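Participant: My questions all concern the structure below.
The values are calculated or read from the model by the stated rules, or taken from the named source; none is laboratory data. As the structure is a prediction and not an experimental result, all values here were calculated from the model. Here Cβ is always computed from backbone atoms with ideal geometry, including for glycine, and neighbour counts include all displayed protein chains. In case anyone asks, the SASA skips ligands and DNA or RNA and just uses the protein heavy atoms, side chains included. Shrake-Rupley method; radii C 1.70, N 1.55, O 1.52, S 1.80 Å.
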Amino acid sequence: KRVLQCPGSVKLCQNAPPKPSSKYADDGTKLHDAVHQVLSFDANADDLPLSVEGRAKLDFAIAALGEIDPDNQLEFQTECRVHFGDFLANVFGSCDLLGRLRSTTVLVDWKFGDWVQVFPEENDQLLFYAAAAMRTPETKWAFEGTDEVKLYRVQPPSVRVWTTTKERIQQFERDLYDAVQLAFMPNAPLNAGDWCRWCAAKAMCPLLSGEVERALKTQLNNITPEGYSNALIMADRLEDWIKAVREMAQQALENNITIPGFKLVPKRAIRQWVDEEGALEALRKMGLDDSELIETALISPAKAEKALKKHKLALPKDHVAAISSGNTIAPESDPRPSVVQVGSQLRAAFSKLEVK
């Protein structure tokens, strides 16, 4: 999506320092490998080194395939390396699952992240995998003799599907070709948008740096209500930019690169017991009893739900209430309903009443 929307980002990313992996990326890689082992090599899920949460996500992914193919008629392969050959040299990816179910091509992408739900409709990543698979000699069999293409995005707690055509995939391929050719032009265009979030070069992007400069010059008390929309969009981009700058600078300092005016320091120290059993015994000898030393509390509903899943039991809904901690701003596309500010509306209405 980023290459299509912002061809100039390609060269920026090539010049950016490599971004270190994260726990979330590592967990996702481990889960992708687990699905591959179970589906392609009949590995026993109980033998795989996964946390309770990871095992629940693996179970969901396997169950999702049963939902997609309830009669076990799907011919498939997993972890397929797909590419465009000479059409687009050195452009490739890895498709999680690709197969053929009677007259339908099936492409499945596992997503194990919790905080960003991704939809398959007109999804550039899924279209990329499909287009590359149609070009790859080892995978194009999945498209032979089929009438439609189903692109699945499996992400707990949902299985979502978008049905498209080979013609739509070929149109995407042409758009991608144009974007890749444009990316290597001397002045490839830059364009800011939600694709900036995952860009490795956003900290050094001149477009975002320009938005920073404009933001610093903006008189907030002069923004009109209509202007808040653009300001909020810009704020989201700048928050990502600020985070990327801090991460890149810390990485440089940790690699012994001097940054004038800044240094690495340890975070605030949090005291911990060196030996809990020994500390408990010492405190008892000093006269404190266990009611003063040991705190107990019921685990959270989220932790209870995970524990119940192991026994295939559901959380008792009549003992749970979802209570919001307050309000926050979200884009219009957010599926949550708008908050009705009854109190402020009543106050505004009463203020218009003339008291006689």
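Participant: List pairs: first in region 104-116 and under 13 Å from F60 (Cβ atoms), second part of a loop (DSSP other than H, G, I, E, B) and open to solvent by 10 Å² or more (accessible area, probe 1.4 Å), Cβ under 7 Å, 6+ apart or cross-chain?
Facilitator: Correct list of pairs: K111/V118.
Participant: Follow-up question, since we're still on this one. Do you know which of the residues in region 246-272 that are among the polar types (S, T, N, Q) and surrounded by fewer than 11 Cβ atoms within 10 Å (Cβ to Cβ) is farthest from P20 (Cα to Cα)?
Facilitator: If we take residues in region 246-272 being among the polar types (S, T, N, Q) and surrounded by fewer than 11 Cβ atoms within 10 Å (Cβ to Cβ), then Q272 is farthest from P20 (Cα to Cα).
Participant: Still on this structure: Within region 54-96, track down each residue that is in contact with a His (Cβ under 9 Å, 6 or more places away or on another chain), open to solvent by 20 Å² or more (accessible area, probe 1.4 Å) and either part of a helix (DSSP H, G or I) or closer than 16 Å to G28 by Cβ (or both).
Facilitator: Within region 54-96, E79, S94 qualify.
Participant: Would you mention how many residues in region 232-245 are open to solvent by 90 Å² or more (accessible area, probe 1.4 Å) and in contact (Cβ under 8 Å) with a residue 60 or more places away in the chain?
Facilitator: Total satisfying the criteria: 0.
Participant: While we're here: Checking the structure you have, find out if any residue of region 12-33 is of a type in the set (G, A, S), surrounded by fewer than 18 Cβ atoms within 10 Å (Cβ to Cβ) and touching a Lys or Arg at 6+ places or on another chain (Cβ under 7 Å).
Facilitator: No, region 12-33 has no match at all.
Participant: Something else now. When only residues in region 279-324 that are in contact (Cβ under 8 Å) with a residue 24 or more places away in the chain and open to solvent by 100 Å² or more (accessible area, probe 1.4 Å) count, which is farthest from P337 (Cα to Cα)?
Facilitator: Applying the filter and picking the extreme gives K310.
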